[in-house]
């Protein structure tokens, strides 16, 4: 498969890049993509919420009153969930939300996503992104003609100037190839990837 490479002005750079049909021409598997995206988001949950049940609440060791003869209901502890200051009935406890996803499933979902982005003309290959200083206005001027105001920039290696320039833009993210994830790919309207990053990404997918 041959893809056109654009320059930062949105025009053809005069060359094309060849990519594998298996990686960028795959069928869209909605169920697989959904499973991988949900698993990725679940892995990002902290799972640190915690509450105290009746055994963890401090105090309540002594029986408040005797079992019989008082006319009141039976009570074994003042830390019962029925009492003010008592423990929680179904107390939350720390847990792990991670879901297992095989490597082949993950790669298959990523192939499905980038292939569908390509079919929808949302994957844009550019020759390079260069900035000599971290200026947000300059980056926005570079991105707007091609990717609009909602774009993901994928670069081959970390570039501090680009990352700092994009930090104040709420709908523009910058990632290198090894940081790419399914949620970032589906979140943005356009995905702009440099020619060098595309080759590295193809190796990850294969």
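All of the numbers you see were taken from the coordinates with simple rules; none came from a lab. These numbers come from a predicted model, not from an experiment. Every residue, glycine among them, receives a Cβ derived from its backbone with ideal geometry; neighbour counts consider all protein chains shown.
Things worth noting here:
- Once the Cα atoms are used to define both axes, helix 103-119 deviates from the longest principal axis of the chain by about 50 degrees.
- Inter-centroid distance (Cα atoms) of the stretch 100-179 relative to the stretch 38-74, Å: 47 Å
- Per-residue ellipticity at 222 nm, computed for the chain from helices alone with -39500 (n - 2.57) per DSSP H run of at least four residues, works out to -10000 deg cm²/dmol.
- Options (i) 20.7; (ii) 17.2; (iii) 18.0 - which one matches Kirkwood radius over Cα pairs in Å as calculated here: (i)
- For the chain, built as a Gaussian network whose Cα springs stay under 10 Å, the top-fluctuating residue of 117, 169, 185: 169
- FRET E, pair residue 186, residue 50, Förster distance 41 Å, beta-carbon r, rounded to 0.05: 0.80
- Each 5 Å bin from zero up to the one holding the largest Cα-Cα distance in the stretch 50-93 carries the following percent of pairs: 6, 25, 26, 19, 12, 7, 3, 1.
- Sorting 126, 162 from the fewest to the most surrounding beta carbons within 10 angstrom yields 162, 126.
- Taking every alpha-carbon pair in the stretch 109-175 and binning the separations at 10 Å intervals from zero gives 20, 52, 24, 4 percent.
- Spin-label model distance (nm) - residue 4 vs residue 84, 7 Å beyond Cα toward Cβ: 7.3 nm
- Residue 34 paired with residue 107, simple spin-label distance in nm, labels 7 Å along Cα-to-beta-carbon: 2.6 nm
- Among beta bridges that DSSP assigns inside the chain, antiparallel share in %, nearest 5: 20 percent
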